[in-house]
Amino acid sequence: MVKKVSILLPDLRCGGVENVRLQLAREFIRRGYQVEFLLLVKQGELLQEAQSLCVVQSLNKHKISESVFKLVEYLKAKNPSVLLSAMWPLTVIAPFSKKLAQSNVRVVISEHCTLTNQYKDKGIVTNSQLRLSIMIGYRLADACIAVSQGVAQDMSQIAKIPLNKINVINNPGRLLIEPSKDELNVVDQMWGVPKKYRVLSIGNLKQEKNHALLLKAFAQLPFTDSRLMLVGKGHLEESLRVLAHQLGIGDRVIFAGFHPNPAVFYKTADLFVLSSDYEGFGNVIVEALSCGLPVVSTDCPSGPREILADGKYGTLVPVGDVNALAEAMTEALMSSPEPEFLKQRAADFSVEKIAQQYLNVMFPHEH
C-alpha cells in the first residue's frame with residue numbers, strides 16, 4: 001500500500017520553508033510515496049510548481065483560527081499516513097486537529113526559525129499564546145523536527161520538553177537550474193563591472209535580514225569598482241534605496257528583485273554575504289557553497305555557524321558589527337577561492353540525505 005504524506009502550509013509563497021517542502025515532496029515522490037500539499041489558501045509564486053508535482057488542496061481559510069475544523073474534516077476524509085506541518089501556529093493546530101479527529105495519522109511538526117527571536121517584538125499577549133500553545137501542541141505531536149541545533153534549543157526551552165526529544169534535521173540545499181549562456185550574459189550586464197569585486201546577497205528585504213548593515217559595510221570597501229547586488233523583494237526596498245544614496249553608493253547597489261532560480265547570480269558573483277540578525281538555518285549559504293562561492297556571514301542564531309562548521313567553510317562575524325563585516329568582505333574579495341572545497345561541504349546537505357532523515361522520523365518502523 002502506498003504511503004501518503006500530506007504537507008501542511010499557510011500557502012506557497014516563495015519562502016525558505018516553502019522551497020524546502022517542494023524539494024522534499026519531489027524526493028518523496030521519486031521514492032514512491034504519495035504526496036499532497038494542503039494549504040490554508042491556494043496562492044503563492046510556487047503554487048504552479050507544486051501543482052505540476054502533485055495534488056494541491058486548500059482549506060480555504062485565511063484565518064488560522066478558522067482552519068481547525070476544516071483540518072479535522074480533511075483528516076477524517078483523506079486519512080493520510082503522515083501530516084507534515086511547519087510554521088507556528090500550524091505546528092500546534094496540526095496535532096490538536098489530529099486529537100479532535102481521533103485520527104491515527106502520524107503528525108510530524110518542524111520549526112524553521114528561533115521563535116523567541118521572530119516574535120520578541122509582538123507583545124506579551126502574542127508571546128503568551130505562543131508559549132502556552134507550544135507547550136501543549138508539541139506534546140501532542142508524534143515527532144518534532146528543528147532545522148538547526150539553535151532552533152532545537154529554542155523549541156526545547158519554550159515547550160519545556162527535553163532537547164533529546166527534538167530531531168535536528170538541516171534543510172536541503174536547493175537544486176539550482178544551470179543557467180544558459182544568454183542568462184549569464186544578461187546578469188553579467190546587470191553587474192556592470194568585470195568579475196572581481198561583485199558582492200551578492202539573496203533574501204527577502206525585511207528587518208531581520210539587516211540589509212542596512214550590509215549597505216553600511218559595503219560602503220567601507222576600498223574597491224571603487226565593486227558592486228553589491230540584492231536579489232529579493234520586500235517592504236524595506238525603498239528605505240534601503242534611500243540609505244544607499246545617503247551612503248554615497250546608490251550607483252553601485254543593484255536591486256535585482258525576486259528570481260525563482262538564483263543560480264545565475266551565484267555563478268556570476270565573487271562573494272556571498274548574509275547580514276542577518278537571526279536565521280532558522282540559512283539555506284542561501286548552502287546554495288552559495290554549492291556554486292563554489294565564498295561566504296561571509298554574521299554569526300547569528302542559529303544556522304550559519306553550523307553550516308560553515310565554525311568558520312571552516314566561510315567567515316563568521318559578530319551580529320550588527322559593521323566594521324567586522326566590512327573587514328571580512330574585503331579580505332574575502334582579496335583571497336583566492338577554493339570552489340571544490342566549498343562544494344564538498346554543500347553536498348552534506350543534499351536533498352537525498354535530508355529526505356532520508358525525514359523519512360526515518362515520519363516512518364520510524366520502516367527505516
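How far is the Cα center of segment 99-119 from the Cα center of segment 154-201, in Å?
A separation of 24 Å, based on Cα centres.
Would you rank SER85, SER156 by solvent-accessible area, highest first, keeping every protein chain in place and using a 1.4 Å probe?
On the way: SER85 0, SER156 20 Å².
These residues rank, largest area first, as SER156, SER85.
Towards the positive end of the charge dipole of segment 266-367, with charges on Cβ (+1 Lys, Arg; -1 Asp, Glu), say which of PRO337, GLY303, ASN323 has the farthest Cα.
Highest projection toward the positive end goes to PRO337.
Just to check, using Stokes-Einstein with a Kirkwood Rh over alpha carbon pairs, what's the diffusion coefficient of the chain at 37 °C and 0.692 mPa s in µm²/s?
Numbers: Rh = 21.4 Å.
For these conditions, the coefficient is 153 µm²/s.
Can you give me the pair-distance distribution of segment 81-188, C-alpha pairs, 10 Å bins, whole percents?
14, 40, 23, 11, 10, 2
Explain nothing, just the number: dipole magnitude of segment 105-151 about its Cα centre with +1 on each Lys and Arg Cβ and -1 on each Asp and Glu Cβ, in debye rounded to the nearest 20. Walk me through the numbers on the way to the answer.
On the way: 5 positive and 3 negative charges, 19 e Å.
Taking the Cα centre of segment 105-151 as origin, the dipole is about 100 debye.
Only Cα pairs within less than 10 Å get springs; with that Gaussian network setup on the chain, which residue of LYS42, LYS181, LYS70 has the largest fluctuation?
Fluctuation is largest for LYS181.
Separation of segment 293-308 and segment 273-291 by C-alpha centroid, Å?
6 Å
Per residue, what accessible area does the chain have, given a 1.4 Å probe and all protein chains present, in Å²? Show your work: numbers first, answer last.
Details: 16370 Å² over 367 residues.
Accessible surface, normalised per residue, equals 45 Å².
Please check: in the Gaussian network model of the chain (C-alpha springs, under 10 Å), which one of ALA25, ALA219, ALA309 has the largest mean-square fluctuation.
ALA309
Given a 10 angstrom Cα cut-off, can you work out which residue in GLY123, GLY173, GLY280 is the most mobile in a GNM of the chain?
GLY123
Over the Cα atoms of segment 112-248, Rg to Rh with Kirkwood Rh, two decimal places? Kindly include the intermediate steps, with their values, before the conclusion.
Values: Rg = 20.6 Å, Rh = 18.7 Å.
My calculation puts Rg/Rh at 1.10.
Residue by residue, what Karplus-based ³J(HN,Hα) values in Hz, rounded to whole numbers, does segment 156-169 have, using 6.51, -1.76 and 1.60 with θ = phi - 60° and x for Gly and Pro?
4, 5, 5, 7, 6, 10, x, 4, 6, 8, 10, 8, 8, 10
Beyond 25 Å, what share of the Cα-Cα pairs of segment 1-145 is found? Please give it as a whole percent. Can you show the working numbers first?
Values: 2483 of 10440 pairs.
Here the tail beyond 25 Å accounts for 24 percent of pairs.
Taking K and R as +1 and D and E as -1, what net charge do the other residues with C-beta under 11 Å from the C-beta of ALA309 add up to? Before the final figure, lay out the partial values.
Numbers: positive: ARG305, LYS312, ARG345; negative: GLU306, ASP310, ASP348.
Local charge sum for ALA309: 0.
Considering the Cα trace of segment 25-110, what is its radius of gyration and what is Dmax, both in angstroms?
According to the Cα coordinates of segment 25-110, Rg and Dmax are 12.7, 35 Å.
So, with a 1.4 angstrom probe, what is the percent of accessible area on segment 185-344 that is carbon and sulfur? Intermediate values should be presented prior to the final figure.
Details: 3220 of 6580 Å².
C and S fraction of accessible area: 49 percent.
Which of rounded, prolate, oblate describes segment 214-337, given a ≥ b ≥ c as roots of the alpha-carbon gyration tensor eigenvalues and a/c under 1.5 marking rounded, otherwise prolate only if a/b is larger than b/c? Intermediate values should be presented prior to the final figure.
Values: a/c = 1.37, a/b = 1.26, b/c = 1.09.
Rounded, because the longest to shortest axis ratio a/c is under 1.5.
Quickly estimate the mean residue ellipticity at 222 nm for the chain, helices only: each DSSP H run with n ≥ 4 gives -39500 (n - 2.57), and the total goes over all residues, rounded to 500.
Details: 16 runs with 157 residues, N = 367.
Only helices count here, giving -12500 deg cm²/dmol.
Ordered by residue, what ³J(HN,Hα) values in Hz, to whole numbers, does segment 352-363 give under the Karplus form 6.51 cos²θ - 1.76 cosθ + 1.60, where θ = phi - 60° and Gly and Pro are x?
Each residue's phi maps through the Karplus curve to give 4, 5, 5, 4, 4, 5, 5, 4, 4, 7, 6, 10 Hz.
Taking 35 Å as R0, compute the FRET efficiency from the Cβ-Cβ separation of ARG30 and GLU340 and round it to 0.05. All intermediate terms of the calculation are to be shown ahead of the outcome.
On the way: r = 27 Å, r/R0 = 0.77.
Plugging the Cβ-Cβ distance into 1/(1 + (r/R0)^6) gives 0.80.
For LYS99, what accessible surface area do you get with a 1.4 Å probe? Give it in Å², rounded to 10.
Here the accessible area works out near 140 Å².
The values are calculated or read from the model by the stated rules, or taken from the named source; none is laboratory data. Quick caveat: nothing in here was measured; it's all calculated off a predicted structure. Every residue, glycine among them, receives a Cβ derived from its backbone with ideal geometry; neighbour counts consider all protein chains shown. Ligands, DNA and RNA are excluded from the accessible area calculation, which covers all protein heavy atoms including side chains. Shrake-Rupley method; radii C 1.70, N 1.55, O 1.52, S 1.80 Å.
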